[in-house]
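Before any comments, here is the structure.
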Amino acid sequence: MNAVRPLSVSELTLLVKTTLEDGFPAVLVEGEISNWRPASSGHVYFTLKDRESQLDAVMFRGRAGRLAFAPRDGLLVRAGGALSVYAARGRYQLIVESMERAGEGDLLAALEERKKRLSSEGLFDDDRKRPIPRLPRRVGVVTSPTGAAIRDILSTLARRDAACDVIILPAAVQGTEAPGEIAARIRYANAHGLAEVLIVGRGGGSLEDLLAFSDEEVVRAVAGSAVPVISAVGHEIDWALSDYAADFRAATPTAAAEFVSMGRHELLEAIADATGRLEDTLRGRLERARLAIDRFRPESLELQFRRIMQPLLLRLDDGKECLVEALGASVREARHRIELARGALEASDPDAVLGRGFAVVTRADNPGTALRGSAGLERGSRLSIRFARGSASATVEEIRS
């Protein structure tokens, strides 16, 4: 019997690779996207699956950048490409050259139907959500005791020097037993008052990996919890129905731990800020009180009195000046009128007239009546003539009219 030369693993893998790639140079596969994982290089790794099987797939950066839609877990697609073997792991995969939507996948459709049904019961209503205590003394965490989520939560609380106790409520977060365990831990924490707030979640994964947190039993346990619940499932882009039922949805378990904790330095900053605001308020009130009291000090009262009296004194001074000026004008006017009257009186004084060379002529027999003309005189009539100084008698010898 001739001995058969054994093939090395690399030789066998090369044969399979050649056979597979030559036999399936171009295929069109329809399946549901699962575990969609964009890499930093721009390449995208994911799985195509149906009810019974799954197929690894990769789409390189150039092709992925030209997709006309945004792929996500649960989406039903038609992917065209070629089969290849990844020799380093001995796994075959589909190198996707093109991909188009074919509808919603069975899993995503089922979750959407469940979401609508539970929402119609009011389990997701905002008015039933309660505020999360910002400085809880006890935080309960429902998650796997060996998973990444609990490590992230504990390290975050330690880093922030959070002053709270952590109660770990261990539960499977994946698999058929996971929904019952998660719901049981939530009910147990409520029944025994173990925590002031519950963080329910796990690390990231595919849509299938997160299914336990979309289970109806878990959603109802979250919605019915008397203890406020923070849902922290996967990464920021992941979602589960527990996110809608919880009182608060955190993007990651780390974000949930940051939300319920406040580091010592943050607490001191908050206290310092509050103290500063209080001091500013007190200083402002004391300053206003000081200003109010200052108004009643003798100096302030004197100043206020001066402020009141000053306008009155100015008006008095102005009035006095106006009165003096008016009196002066009246005196000057009176003097002027007196001068005018004196001039008129002097002008009408007979003595003044006589002083200018005139004389007053009267009949000798009627000295009180001055003659204004020659009418009534006769030759021989006796006249009396009064000068400015002295007088004389005369006899009429000739009359001219």
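Against the test of being hydroxyl-bearing (Ser, Thr, Tyr), within 41 Å of the chain's Cα centre (by Cα) and assigned to a loop (DSSP other than H, G, I, E, B), the options Ser119, Ser41 yield a single qualifying residue, Ser41. Figure legend. Inter-residue proximity from the stretch 1-20: first residues within 13 Å of Tyr92 (Cβ to Cβ), second residues modelled with pLDDT under 85, beta-carbon distance below 7 Å, spacing 6+ or different chains. Indicated pairs: Thr13/Ala87; Thr13/Gly90; Lys17/Ala87. With respect to being basic (Lys, Arg), surrounded by 11 or more Cβ atoms within 10 Å (Cβ to Cβ) and under 30 Å from Ile199 (Cβ atoms), Arg117 fits the description.
When the stretch 156-190 is filtered for residues that are in a loop (DSSP other than H, G, I, E, B), surrounded by 16 or more Cβ atoms within 10 Å (Cβ to Cβ) and not hydrophobic (A, V, I, L, M, F, W, C), the ones remaining, listed by number, are Arg160, Gln174.
Quick one: is Glu97 under 30 Å from Leu15 (Cα atoms), part of a loop (DSSP other than H, G, I, E, B), in the same structural domain as Val16 (by TED's automatic domain parsing) and not basic (Lys, Arg)? The answer is no for Glu97.
Here Ile153 passes the criteria (1) over 37 Å from the mean Cα position of the chain (by Cα); (2) in contact (Cβ under 8 Å) with a residue 24 or more places away in the chain; (3) surrounded by 17 or more Cβ atoms within 10 Å (Cβ to Cβ) except the one numbered (1). Just one residue in the set Ala88, Ala68, Ala82, Ala57 is among the small types (Gly, Ala, Ser), over 45 Å from the mean Cα position of the chain (by Cα) and either surrounded by fewer than 13 Cβ atoms within 10 Å (Cβ to Cβ) or outside any strand (DSSP E or B) (or both); that residue is Ala88. Within the stretch 1-38, if we keep just the residues that are under 60 Å from the mean Cα position of the chain (by Cα) and either in a loop (DSSP other than H, G, I, E, B) or not hydrophobic (A, V, I, L, M, F, W, C) (or both), the residue that is surrounded by the fewest Cβ atoms within 10 Å (Cβ to Cβ) turns out to be Ala26. Looking only at residues in the stretch 96-109 that are touching a helix residue (DSSP H, G or I) at 6+ places or on another chain (Cβ under 9 Å), of a type outside the set (Asp, Glu) and modelled with pLDDT of 80 or more, the one that is farthest from Arg51 (Cα to Cα) is Ser98. Gly81 meets the conditions (1) modelled with pLDDT of 90 or more; (2) within 23 Å of His235 (Cβ to Cβ) in every case but one. The failed one is (2).
The values are calculated or read from the model by the stated rules, or taken from the named source; none is laboratory data. Owing to the predicted nature of the structure, the values given are computational and were not obtained by experimental measurement. All Cβ positions, glycine included, derive from the backbone under ideal geometry; neighbour counts span all protein chains shown.
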